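In what follows, a structure is listed as structure tokens, so that the remarks can point back to it.
Any read-out appearing in this document is the output of simple, stated calculations on the displayed coordinates, not a laboratory observation. Values in this document were obtained by computation on a predicted structure and should not be read as measured data. Using ideal geometry, Cβ is built from the backbone for each residue, glycine included, and neighbour counts are taken over all protein chains shown.
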Amino acid sequence: GGSYSVVVRWQAADAFTEQDLRPLLLAAAGSAAPEAATSIRAAALAVAGRKALLQVPAAVAEALVSSRALVDRGLQVSFAGGAAEAAAAAKEAAAHGAAPSGGPPDQLPEGWRTAIAPDGRPYFYHAPSRRTRWKRPAAGGGGDRLSHEALEVATLERLRRASEAQRQARGGV
């Protein structure tokens with residue numbers, strides 16, 4: 001049950017618009033979730049740079065996140081700030097050497113997780129304070145600047161709401 005924000009990302013060499021993404025999302029989730037077609041057609045899809053954000057029911061979000069077809073098209077799909085995104089970030093951080101310097105991500109102080117910056121470098125995110133830092137936190141440590149990820153998700157959410165308002169102003173097109 002419930003509704004989830006899903007983030008779709010792609011490489012700089014690729015260029016996707018709302019018109020490009022919507023049919024791909026429909027095809028990817030259609031067979032796995034019966035309500036996919038209706039919810040993806042109705043969803044406001046905010047596209048900014050190399051990312052898009054949409055809000056869909058849980059079953060549709062699961063189908064999109066686990067879609068091999070989207071991966072094959074060069075798209076990375078994750079829950080916005082969710083466990084799947086954290087797991088992917090931890091895996092990528094390990095590939096970039098973040099884990100050996102201070103242990104695996106699950107040994108971070110409470111509230112901290114490993115994430116990946118847009119340039120590919122691992123950083124550390126403190127969820128309760130929404131702060132980030134480059135250096136692995138010591139037990140009880142705090143963040144040292146606003147989280148890029150939190151700002152990105154908030155910006156995409158504002159774009160999604162603006163897109164939905166425009167859609168409603170045009171008569172639900």
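From the square roots a ≥ b ≥ c of the eigenvalues of the alpha-carbon gyration tensor of segment 18-85, which class results: rounded (a/c under 1.5), prolate (a/b over b/c), or oblate? Rounded shape, in that the Cα axes give a/c under 1.5.
When peptides 36-44, 58-66, 10-18 are sorted by average Cβ neighbour count within 10 Å, with the highest value leading, the order is 58-66, 36-44, 10-18.
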